[in-house]
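Below you'll find the structure, written out as structure tokens, and then a few comments.
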Amino acid sequence: MKKFILKTPLGDNLTGGLYAEPARRFIEIYNLDPDYGWEPWTTATVNINGLSGDEVAIKNYSENEGILDLLIGLGVIEPPHRRVASGFVMIDICNMNRSKLEEYSYGADT
């Protein structure tokens, strides 16, 4: 499994990995804690209706601001091709790159 470094707004550097379930359009970011192993850090996706093919809805607001750029930079998603309203926020809709998701996925070759 490939790992990545994630710099948080608090100045922390996390060693990250992903847990993904493409069939459920779900991506979660995990942190590698030296003492305890992999721990969930944040969920990068939201569940909305109307997605098709390899589309995934990315939560890039509030505590997840910047997640979109991180995932695009890793190559696990493509840049957004549309946005949809959900409550008071706009959700970015992107296509997943399943092979890249697999490379970074927790449990791929722990």
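Just so it is clear, none of the values below were taken in a lab; they were calculated from the coordinates. Everything numeric here is computed off the predicted structure, so don't read it as measured data. Neighbour counts are summed over all protein chains in view; Cβ atoms, including those assigned to glycine, are modelled from backbone coordinates with ideal geometry.
Residue 67 sits among other residues whose Cβ lies under 10 Å from its own Cβ, and their net charge, with Lys and Arg +1 and Asp and Glu -1, is -3.
So what's the back-of-envelope 222 nm ellipticity for the chain, counting only DSSP H runs of four-plus at -39500 (n - 2.57) apiece and dividing by all residues, rounded to 500? Show your work: numbers first, answer last.
Working: 2 runs with 15 residues, N = 110.
Counting only the DSSP helices, I get -3500 deg cm²/dmol.
Rounded to the nearest whole Hz, the Karplus-based 3J(HN,Hα) values (6.51 cos²θ - 1.76 cosθ + 1.60, θ = phi - 60°) of the stretch 81-95 follow the sequence 10, 6, 10, 10, 7, 9, x, 9, 10, 9, 9, 7, 10, 10, 9, with x at glycine and proline. Converting phi to 3J(HN,Hα) with the Karplus coefficients 6.51, -1.76 and 1.60 and the offset θ = phi - 60°, the stretch 40-46 yields x, 10, 7, 8, 8, 10, 10 Hz in sequence order, with x at every glycine or proline. Less than 5 angstrom separates the built amide H of residue 86 from those of 91, all sequence-distant by 5 or more or on a different chain. Each residue of the stretch 47-63 is assigned a 3J(HN,Hα), and the resulting list reads 9, 10, 7, x, 8, 9, x, 9, 6, 9, 9, 9, 7, 10, 9, 6, 5 Hz, derived from the Karplus form 6.51 cos²θ - 1.76 cosθ + 1.60 (θ = phi - 60°), x at Gly and Pro. Counting other Cβ atoms within 10 Å as a rough exposure proxy, the listed residues 28, 39 run 39, 28 from fewest neighbours to most. In this rough spin-label picture, where each label sits 7 Å from Cα along the Cβ direction, the residue 63-residue 86 distance is 1.6 nm.
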